[in-house]
Amino acid sequence: MSTQVTNTSDTNENSGDVFNTSAPDNSIEYTAKLAKQHFGINVVKAELLACERDQIFLLTDDTGTNFVWRFTHPAEDRLVSNFQTQAMLHITEQAPEIPIPRIIKSLNGESETIVTMECGQESVIRVISFLSGIPMTKAGVCSTALRQNMAKTLAELDIALQGFSHKAQHNKLLWDTQHVLDLRKLLVNVQDESLRAIAAQVLDNFEQFVVPVLPSLRAQVIHNDLNYSNAMVENADSTELAGIIDFGDIVYAPLIQELGVAGAYHLLDTEQPLENVVQLVATYHKTIALKANELDVLFDFIITRCVMTLLITEWRAAMYPENRDYILRNQVASVKGLKRLMKLGRVAGREILYQACDL
């Protein structure tokens with residue numbers, strides 16, 4: 001049985017206790033024992049996937065089939081874990097053609113299994129199917145065709161989530177843009193004075209232009225984290241998504257926040273940073289028609305996501321310097337995008353996004 005450490009995508013940061021206590025630390029041998037006992041999986045290979053909060057293994061059984069095994073943090077509210085599980089099950093039922101991992105049920109038919117870890121604490125186990133391919137972060141430049149397919153798939157995912165509800169959907173989430181003003185206290189972690197001033201101005205704009213209209217925006221459960229790490233492709237030349245992974249940041253939020261998050265990862269380091277975002281928005285709009293009041297604040301949601309990445313990653317990197325490179329992997333691009341968007345300006349940015357939808 002072999003082991004390897006690789007990276008996986010960010011996890012949700014919904015509980016202070018989760019980040020003030022150590023993540024699960026189970027051995028491969030113990031994990032293999034649990035996999036056999038609860039799922040009938042005969043593990044022959046295990047790869048430890050890097051994760052800030054939980055402990056995740058890529059397991060391979062004796063038939064060559066891969067599974068993703070997650071020990072959820074013992075401090076996480078079990079309702080939050082169940083929210084993610086039930087959302088994935090709902091999508092599979094409503095739109096089985098959408099490429100997301102499938103929940104693997106235990107020998108007892110459970111979608112989630114509670115086990116005792118080696119340390120003696122209990123953890124909720126979720127096992128999902130493994131999607132083949134590579135994350136877009138390893139695929140190089142995102143083509144126009146791939147970006148359009150990405151937007152179409154995201155819209156279809158949001159349609160599948162329409163009407164879905166859960167008791168934990170209003171759980172407070174660190175990466176939830178609608179609550180970004182809670183992050184003001186993290187401004188002190190930004191050492192660059194000019195960058196800190198830009199971040200503060202974006203937060204002020206969000207408070208002035210977005211907060212008053214939040215109640216009027218369409219809202220539902222959304223994925224809330226379609227970055228390049230969570231978008232899988234078959235290979236570097238793919239024009240279609242192989243899958244969308246990581247439902248750790250799902251939340252009930254304004255629908256336009258979904259595009260705000262995704263758009264923040266398609267910014268260009270040019271005088272017109274929204275050129276690729278326009279393709280994303282225009283394609284999404286063909287499947288889910290965006291409303292004027294949503295386009296009014298889309299620019300704010302995009303630029304605010306850049307600020308969130310700056311603030312949260314600076315804070316997290318200071319807390320966990322040994323994991324600094326992993327935590328800050330998206331920050332350089334976010335800072336470049338943030339500066340370009342500020343230079344473009346809110347008025348010009350809103351006009352460009354309106355034109356993308358012919359509104």
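The values are calculated or read from the model by the stated rules, or taken from the named source; none is laboratory data. Fair warning: this is a prediction, and the values are worked out from it, not measured in the lab. Cβ: placed from backbone, ideal geometry, glycine included. Neighbour counts: every protein chain shown.
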Cross-chain or 6+ apart pairs with Cβ under 6 Å, the range 242-267 first and closer than 14 Å to Val307 by Cα, then of a type in the set (Gly, Ala, Ser): Leu267/Gly337
Residue match in the range 218-234 (condition: part of a helix (DSSP H, G or I) and in the same structural domain as Val335 (by TED's automatic domain parsing)): no
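To keep it simple, each residue is scored yes or no on (1) crowded, with 18+ Cβ neighbours inside 10 Å; (2) within 21 Å of the chain's Cα centre (by Cα).
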residue	(1), (2)
Phe83	yes, yes
Ala87	yes, yes
Ile91	yes, yes
Lys105	no, no
Glu110	no, no
Ser123	yes, no
Test: residue in the range 162-171 that is in contact (Cβ under 8 Å) with a residue 24 or more places away in the chain, within 30 Å of Asp237 (Cα to Cα) and among the hydrophobic types (A, V, I, L, M, F, W, C): no
Residue satisfying condition, being crowded, with 19+ Cβ neighbours inside 10 Å and more than 23 Å from Arg147 (Cβ to Cβ), within set Leu311, Leu295: Leu311
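Looking for whichever is of a type outside the set (Lys, Arg), buried (at least 17 other Cβ atoms within 10 Å of the Cβ) and in contact with a Cys (Cβ under 7 Å, 6 or more places away or on another chain) here; the options are His285, His223. Which one fits? Quick ask: steps written out before the conclusion?
Details: His223 fails: in contact with a Cys (Cβ under 7 Å, 6 or more places away or on another chain).
One residue alone meets the criteria, His285.
Table: residues versus (1) at pLDDT below 95; (2) in a loop (DSSP other than H, G, I, E, B); (3) out of contact with any Ser or Thr (no Cβ under 8 Å at 6 or more places or on another chain).
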site: Ala75; (1), (2), (3): yes, yes, no
site: Thr92; (1), (2), (3): no, no, yes
site: Ile98; (1), (2), (3): no, yes, no
site: Gln148; (1), (2), (3): no, no, no
site: Asn171; (1), (2), (3): yes, yes, yes
Any hit, the range 20-34, residues being surrounded by fewer than 16 Cβ atoms within 10 Å (Cβ to Cβ), outside any helix (DSSP H, G or I) and free of Cβ contacts under 8 Å to residues at least 24 places away in the same chain: yes
Hits in the range 179-203 - residues which are surrounded by 17 or more Cβ atoms within 10 Å (Cβ to Cβ) and of a type in the set (S, T, N, Q): Asn189
Test: residue in the range 271-278 that is closer than 27 Å to Pro99 by Cβ, touching a residue at least 40 places away in the same chain (Cβ under 8 Å) and crowded, with 21+ Cβ neighbours inside 10 Å: yes
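Val202: farther than 23 Å from Met136 by Cβ, part of a strand (DSSP E or B), at pLDDT 95 or above and among the β-branched types (Val, Ile, Thr), yes or no?
Working: farther than 23 Å from Met136 by Cβ: yes; part of a strand (DSSP E or B): no; at pLDDT 95 or above: yes; among the β-branched types (Val, Ile, Thr): yes.
For Val202, the condition - farther than 23 Å from Met136 by Cβ, part of a strand (DSSP E or B), at pLDDT 95 or above and among the β-branched types (Val, Ile, Thr) - is not met.
A quick yes/no check of all residues on (1) assigned by TED's automatic domain parsing to the domain that holds Asn276; (2) out of contact with any Gly (no Cβ under 9 Å at 6 or more places or on another chain); (3) modelled with pLDDT under 95; (4) of a type in the set (S, T, N, Q):
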site: Ile302; (1), (2), (3), (4): yes, no, no, no
site: Thr313; (1), (2), (3), (4): yes, yes, yes, yes
site: Arg316; (1), (2), (3), (4): yes, yes, yes, no
site: Tyr320; (1), (2), (3), (4): yes, yes, yes, no
site: Ile327; (1), (2), (3), (4): yes, yes, yes, no
site: Ala333; (1), (2), (3), (4): yes, yes, yes, no
site: Lys336; (1), (2), (3), (4): yes, yes, yes, no
site: Arg350; (1), (2), (3), (4): yes, yes, no, no
Identity of the residue in the range 49-81, aliphatic (A, V, I, L, M) and crowded, with 18+ Cβ neighbours inside 10 Å, that ends up nearest to Gln169 (Cα to Cα): Val80
Count of the range 178-197 residues which are at pLDDT 95 or above, of a type outside the set (Lys, Arg) and closer than 13 Å to Met308 by Cβ: 8
Subset of the range 156-170 (residues that are over 17 Å from Pro96 (Cβ atoms) and touching a helix residue (DSSP H, G or I) at 6+ places or on another chain (Cβ under 7 Å)): His166, Lys167, Ala168, Gln169
Residue in the range 258-268 that is at pLDDT 95 or above, small (Gly, Ala, Ser), touching a Gly at 6+ places or on another chain (Cβ under 8 Å) and buried (at least 21 other Cβ atoms within 10 Å of the Cβ) present: yes
Residues of the range 241-285 that turn out to be under 19 Å from Pro135 (Cα atoms) and among the hydroxyl-bearing types (Ser, Thr, Tyr), as a count: 1
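Any residue at all in the range 13-25 that's at pLDDT 90 or above and either farther than 16 Å from Ile104 by Cβ or assigned by TED's automatic domain parsing to the domain that holds Arg324 (or both)?
The answer is yes; a qualifying residue exists.
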